[in-house]
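This report concerns only the one structure given below.
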Amino acid sequence: MRRYLVVANQTLGGEALLQQIREIMSWGTCAFHLVVPATPAKDHLTYTEGEARALAEQRLHDGLARFRAEGADVTGAVGDASPMLAIADALRKQSFDEVILSTLPPSISRWVKLDLPRRVRRRYGLPVTHVVSQ
């Protein structure tokens, strides 16, 4: 069984990510582990760590429900605010065959500006699928 680490935040409910999950599930038995980094919301000038974590927990809850509604075998966790650290933490606990990164479009995505897809591929030696959501 192939195991996928899915890392998403604002794009977690996006159709592009769900379409990718459906496609992967059509290939055969698989399992997903969803990590939602506790990244502060951009629309707040100030925030607390607790607020960022609460928002990530709500997104995780909603994301798990969406994946399960598609029939996915899925677990999940809220991760560090840094997506690289959140991925590192997940990889220390479990092994995965591939990482799926879901981001906003390149023109507005902080993760793309940080070159996250390439950095993850290079650091962990795993295939990375980059899903761009609206």
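Listed values, structure above:
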| quantity | calculated |
| --- | --- |
| Karplus-derived 3J(HN,Hα), 6.51/-1.76/1.60, for each residue of the range 82-89, Hz, glycine and proline x | 7, x, 5, 5, 4, 5, 4, 4 |
| Derived scalar couplings ³J(HN,Hα) [the range 53-64; Karplus, 6.51 cos²θ - 1.76 cosθ + 1.60; whole Hz; x for Gly, Pro] | 5, 4, 5, 5, 5, 5, 4, 4, 4, 5, x, 4 |
| Integer Hz, Karplus 6.51/-1.76/1.60 couplings in order for the range 116-126, x for Gly and Pro | 4, x, 5, 4, 5, 4, 5, 6, 9, x, 9 |
| Charge dipole magnitude, Cβ of K and R +1, D and E -1 - the range 2-132, Cα centre, debye nearest 20 | 460 |
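Every read-out reported here was derived from the displayed coordinates using simple, explicitly stated rules and does not represent laboratory data. Just so you know, these numbers come straight off a predicted model, no measurement behind them. As a convention, Cβ positions derive from the backbone with ideal geometry for all residues, glycine included, and neighbour counts pool all protein chains shown.
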